[in-house]
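Worksheet: one structure, shown below.
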Amino acid sequence: MTGAIQAGLDADDAAASVAERASDVFRVWKGVRTELLGEGMAYAAYHQGLLDHWTGESGVQKVWVMSAEDECPGDVCTKNADAGPLDLKAAFPSGHILPPAHGGCLCTLAEARPPENH
Ligand SMILES: [Zn+2]
């Protein structure tokens, strides 16, 4: 963004033209952001639904399941997955209760049931 504005100033563009360019960049950026935010909210709502469902069942824990996609390359999701089964209300190492842990995170949750007593 500042690069686009600086390039305009260097080229001696009229202020209106620079403002227009900045506005274009912002519009595109905002669209991408809004899309990611919307996806993230739907994703979080889905996982909240899973947690709500499991809360009714005794002894069920949750496990962070890494996405096989490249969207979760950092170690944030890896640490969450490595944490193993946790209580439903417990936070994963990243501090998240449920996915997504970051924009574009495609991890999910699985239920972990204690071994049944016979
Ligand atoms: Zn992830």
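The values are calculated or read from the model by the stated rules, or taken from the named source; none is laboratory data. Note that the coordinates shown come from a computational prediction; the quantities given were computed from them, not determined experimentally. Every residue, glycine among them, receives a Cβ derived from its backbone with ideal geometry; neighbour counts consider all protein chains shown. In case anyone asks, the SASA skips ligands and DNA or RNA and just uses the protein heavy atoms, side chains included. Shrake-Rupley method; radii C 1.70, N 1.55, O 1.52, S 1.80 Å.
I need the full set of residues from the range 62-97 which are touching a Leu at 6+ places or on another chain (Cβ under 6 Å) and open to solvent by less than 40 Å² (accessible area, probe 1.4 Å), in order please.
Going residue by residue through the range 62-97, those that are touching a Leu at 6+ places or on another chain (Cβ under 6 Å) are 62, 67, 69, 71, 88.
Hits for the range 62-97 are 62, 67, 88.
Please count how many residues of the range 85-110 are over 25 Å from residue 38 (Cα atoms) and either in a strand (DSSP E or B) or within 16 Å of the ligand (Cβ to nearest atom) (or both).
Matching residues across the range 85-110 total 1.
Under 8 Å between Cβ atoms, which residue pairs at least 6 apart in sequence (or on different chains) link something in the range 96-115 that is more than 12 Å from residue 86 (Cβ to Cβ) and of a type in the set (D, E, K, R) with a partner that is part of a loop (DSSP other than H, G, I, E, B) and more than 7 Å from the ligand (Cβ to nearest atom)?
113/59; 113/60
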